[in-house]
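Report on one structure; see the data block that follows.
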Amino acid sequence: MATEPNPASAPTTPGPATARPASARPAARKVVVSCAVTGAIHVPSQSPYLPITPTEIAESAVGAAEAGAAILHLHARDPRDGRPSPDPNRFLEFLPAIKAATDAVVNITTGGGHRMTLDERLAAPLRARPEMCSLNMGSMNFGLYPAMGRIKEYRHAWERDYLEASRDYIFKNTFADIERVLAELGAHGTRFEFECYDVGHLYTLAHFLDRGLVRPPLFVQTIFGILGGIGPDPEDLAHMRRTADRLFGDAYQWSILGAGRHQLGLVTMGAIMGGHVRVGLEDSVYLGKGELAPTNAALVAKVVRILRELSLDVATPAEARTLLGLKGKDAVGF
């Protein structure tokens, strides 16, 4: 459980006294596949297959679990127009159905969507008390506006403004914000998918580890290809891996998220290097070059096939819970 920080005694950056031994890591014995089902990045005009309604989100999540996803990362949307929604009631329209139909770990966003306040972003997680939540490890520019050049016609009036507004938008997660998320959700036994969009986010996570506000095993999701974060070059992935090894040693589990067309290439590279993988329609709406993914299950099935072709075993939800120290599905609030 997270405790209140003592800023006066907290180091500002991890120093030599807190360094953790890095080790040469073989490929993961069991690869945890996460699926991000709908997100708050893509707008409905980018794909007719993006899950919008509670029924669509539930069915898509269950399909992804049946295809091999051990963790389901979930956002909610307004069923009338697909706008990202922080409303806890929206989440509770699909969370019980997912829990009843699958053993997969439910992971609820604390990032929410653009321009949501921290109170709004925490409302659903605090009510649902899931096994896991995502947690962005810093404030950052988060540019979605380049997608506007690829959309010929908008289905809803809000979509163009939503994308354009990201040109002048900073996603806010200050040290105080992160402390609050850790304390309030940690009190319910929720653990975290620490989303690291750049190298500095790894150092921020190390800072919280040094202060004792997070505990191993850390589930570190390194994210590549978002405008405002680290790029999608293979060397970027290798650099993030080297830095995480140096900062966390054996105290973490590494996962890879590649945005857009970089998804499958980067997660394959990461899996070969010993990491876990995340796919899903939040991260990319494409199954292949120029081919829209018809379902989340299709994306999961493709990455599972790649992993097995590489002689890597896919973790079950039970194995993921053991690996990440999760509290179990019977301890959630939905």
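Annotations for the structure displayed:
- Compactness of the range 157-306, taken as the C-alpha radius of gyration over 2.2 N^0.38 Å, stands at 1.11.
- Compactness of the range 217-334, expressed as Rg and Dmax over alpha-carbon positions, Å: 14.9, 42
- Distance-filtered residues of the range 296-334 - backbone nitrogen under 13 Å, label point 7 angstrom along Arg127 Cα→Cβ: 333-334
- For the range 224-334, the relative contact order is 17 percent, taking Cα pairs closer than 8 Å that sit 6 or more residues apart in sequence and dividing their mean separation by the residue count.
- DSSP beta bridges in the range 37-331 [antiparallel fraction, %, rounded to 5]: 20 percent
- Whole-Å semi-axes of the range 37-331's equivalent ellipsoid (Cα gyration tensor): 25, 22, 21
- Relative contact order of the chain, pairs being alpha-carbon contacts under 8 Å that are 6 or more residues apart, as %: 27 percent
- Cα shape, the range 74-193, gyration tensor, a/c 1.5 rule: oblate
- Spatial separation of Cα centroids for the range 295-324 and the range 54-113, in angstrom: 19 Å
- With the helix formula -39500 (n - 2.57) applied to DSSP H stretches of n ≥ 4, the chain reaches a computed 222 nm mean residue ellipticity of -10500 deg cm²/dmol.
- FRET efficiency estimate (nearest 0.05) - Cβ-Cβ, Thr316 to Asp78, R0 51 angstrom: 0.90
- ³J(HN,Hα) computed for each position of the range 33-43 - Karplus, 6.51 cos²θ - 1.76 cosθ + 1.60, integer Hz, glycine/proline x: 9, 9, 10, 9, 6, 9, x, 9, 9, 7, 9
- Qualifying lysines (Cα of each under 25 Å from Cα of Lys30; at least 8 residues distant if same chain): Lys99, Lys302, Lys327, Lys329
- More than 20 Å apart - percent of Cα-Cα pairs taken over the range 135-242: 49 percent
Every number in this text was worked out from the coordinates using simple rules, so none of it is lab data. Predicted model only: the values in this text are computed from it and were never measured. Note that we place each Cβ from the backbone using ideal geometry, even for glycine, and neighbour counts take in every protein chain shown.
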